[in-house]
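Trainee: Could you have a look at this structure, given as structure tokens, before my questions?
No lab work stands behind these numbers, since they all come straight from the coordinates. Since the model is a prediction, treat every value here as computed from it, not as a measurement. FYI the Cβ positions are ideal-geometry reconstructions off the backbone, even for glycines, and counts take in every protein chain you see.
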Ligand code: UDP
């Protein structure tokens, strides 16, 4: 398979066409951004770490029956995925209050939610990814009501699988963001990445943050935290 023209460059990844039909090539970058691109930096080795962490978690989900775009990892920083058109909705799933939810509800960080919360944000950099509801999604024509029912159900299933798996590795899954895409056949499948860039992971015992909050809040040891996640989920650390 050959890597062809670049289709898109995002904040953390580049997407290329390939010589194979319905197949894209993704390159994970070391670039890190936060606060809607206002804070910019690099995390050494992040591309390699997120490529591997995401590959492990997407493979786990596939094994458990959650269809997703991951095909295989082809180099330290690259993976091959199924072609999808990304639905511009960021689906956030939360188990514990953190980040923007603490501001929205006035809750303390770390407070357990009485039930799992699923939120939708409009994936639009110019608007700063605003919080939206089902009606906004219908008005914007981003997805149908039945698509949303399916996406919400998948998001909750993914949460259960990841939460249980991570807990066994001594990691609390606080919250995370998912993106879904449509295949050329019209099926909706999980896409994008699942990594410390897109999830909040806390150490079960110490509650230490092992994710991008270390970069957002200048807590130091960012790369070490990503390494620790990879080590605990069984990846090769000498990448
Ligand atoms: N998240 C993400 N990309 C975004 C916004 C949020 O991956 O553009 C993830 C974030 O890492 C966290 C979860 O979604 O795991 C919830 O984020 P939140 O709404 O609390 O926003 P933040 O505090 O990250 O600005």
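Trainee: So if each residue of separation counts as 0.36 nm, and I subtract the Cα-Cα distance between residue 167 and residue 76, what length gain in nm does that give?
Mentor: 30.1 nm
Trainee: If each of residue 85 and residue 183 carries a label point 7 Å out from its Cα toward its Cβ, how far apart are those two points in nm?
Mentor: Computed distance between label sites residue 85 and residue 183 equals 1.6 nm.
Trainee: Quick one: 25, 107, fewest Cβ neighbours within 10 Å first, how do they rank?
Mentor: Ascending Cβ contact count within 10 Å gives the list 107, 25.
Trainee: Which ordering of 182, 177 is given by a fewest-first count of other beta-carbon atoms within 10 Å?
Mentor: Details: 182 17, 177 20.
Ascending number of Cβ neighbours within 10 Å: 182, 177.
Trainee: Order by neighbour count: 227, 69, 136, fewest other Cβ atoms within 10 Å first, most last.
Mentor: Ordered from fewest to most neighbouring Cβ atoms within 10 Å, 227, 69, 136 come out as 136, 227, 69.
Trainee: When only C-alpha pairs under 8 Å and at least 6 residues apart count, what is the relative contact order of the chain, in percent?
Mentor: RCO, the chain: 18 percent.
Trainee: Sum -39500 (n - 2.57) across every DSSP H segment of at least 4 residues in the chain, then divide by the residue count to get the 222 nm mean residue ellipticity, nearest 500.
Mentor: Roughly -9000 deg cm²/dmol at 222 nm, from the helical runs in the chain.
Trainee: Using a/c under 1.5 as the rounded threshold, could you call the stretch 66-203 rounded, prolate or oblate? The axes a ≥ b ≥ c are square roots of the C-alpha gyration tensor eigenvalues, and prolate needs a/b larger than b/c, oblate otherwise.
Mentor: Because a/c hits 1.5 or more and a/b fails to exceed b/c, the stretch 66-203 counts as oblate.
Trainee: From the Cα gyration tensor of the chain, with a ≥ b ≥ c the square roots of its eigenvalues, which class applies: rounded if a/c is under 1.5, or else prolate if a/b is larger than b/c, or else oblate?
Mentor: Numbers: a/c = 1.41, a/b = 1.07, b/c = 1.31.
Taking the square roots of the gyration eigenvalues as a ≥ b ≥ c, the chain is rounded.
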